[in-house]
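Data block below; observations after.
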Amino acid sequence: MKASEVAPPRSQGRQAPESPDPRHRHPVRPGDRLAHYEILSTIGEGGMGVVYRARDLALERDVALKCPWPQLAADPVVRARFLREARAAASLAHPNIVPVFEILEWHGLPWVAMELVTGTNLTSMLRAGRPLPLDRILRFGEAIA
């Protein structure tokens with residue numbers, strides 16, 4: 001089944017998550033199906049788009065699904081940049097680059113399915129107020145370099 005053949009999101013009384021930025025409208029909500037993915041939750045969002053945790057029903061694994069905000073995706077320059085970045089990431093294989101599984105279009109929006117990486121980020125670790133062990137600091141420095 002092609003992504004374009006999938007029915008639009010179900011409403012069934014569920015509210016779309018509210019974005020902190022009122023200009024941004026979430027294109028899907030938990031429980032919605034997008035091709036062979038079921039949306040589980042929102043992982044994060046920023047000025048350019050949103051990332052969801054989703055279940056790949058065909059391969060039975062959780063993935064990250066990234067999409068630009070709908071109003072931004074309408075801009076051909078933004079759309080082209082989003083797809084160019086996804087293709088560039090997909091062409092690389094490195095432990096510090098998240099693998100891209102596929103690029104798809106669903107209801108007029110470009111989406112990127114990639115490996116779901118769980119854990120915490122460096123900002124959260126630093127804000128926790130506990131000093132990081134020296135070996136961890138050195139590993140971060142090496143990865144950044």
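The values are calculated or read from the model by the stated rules, or taken from the named source; none is laboratory data. Please read all numbers here as calculations on a predicted model, not as lab measurements. Glycine also receives a Cβ, built like all others from the backbone with ideal geometry; neighbour counts cover every protein chain displayed. The area values use the complete protein model at the heavy-atom level, side chains included, leaving out ligands, DNA and RNA. Shrake-Rupley method; radii C 1.70, N 1.55, O 1.52, S 1.80 Å.
Across region 74-145, Cα pairs under 8 Å and at least six residues apart give a relative contact order of 18 percent. Starting from the Cα of Phe140, move 7 Å in the Cα-to-Cβ direction to define the label point; list residues of region 106-131 whose amide nitrogen is under 20 Å from there. Hits in region 106-131 for Phe140 at 20 Å: 117-131. Sorted largest first by accessible area at a 1.4 angstrom probe radius, with every protein chain in place, the residues Phe140, Phe101, Phe82 fall in the order Phe101, Phe140, Phe82. Counting only heavy atoms of the protein chains and using a 1.4 Å probe, Met114 has close to 30 Å² of accessible surface.
Ile144 contributes an accessible area of around 130 Å² to the protein surface, as traced by a 1.4 Å probe with all chains present. Prolate is the label for region 27-145, because the ratio a/c of its alpha-carbon gyration tensor axes (a ≥ b ≥ c) is 1.5 or higher and a/b is greater than b/c.
Could you tell me which of rounded, prolate or oblate describes region 39-99, using a ≥ b ≥ c as the square roots of the eigenvalues of the alpha-carbon gyration tensor, with rounded for a/c under 1.5 and, failing that, prolate when a/b is larger than b/c and oblate otherwise? Cα axes put region 39-99 in the oblate bin.
Using a probe radius of 1.4 Å on heavy atoms only, what accessible surface per residue do you get for region 63-145? Whole Å² is fine.
Roughly 66 Å² per residue, with all protein chains present.
Solvent-accessible area of region 23-145 (1.4 angstrom probe, protein heavy atoms only): carbon and sulfur portion equals 56 percent.
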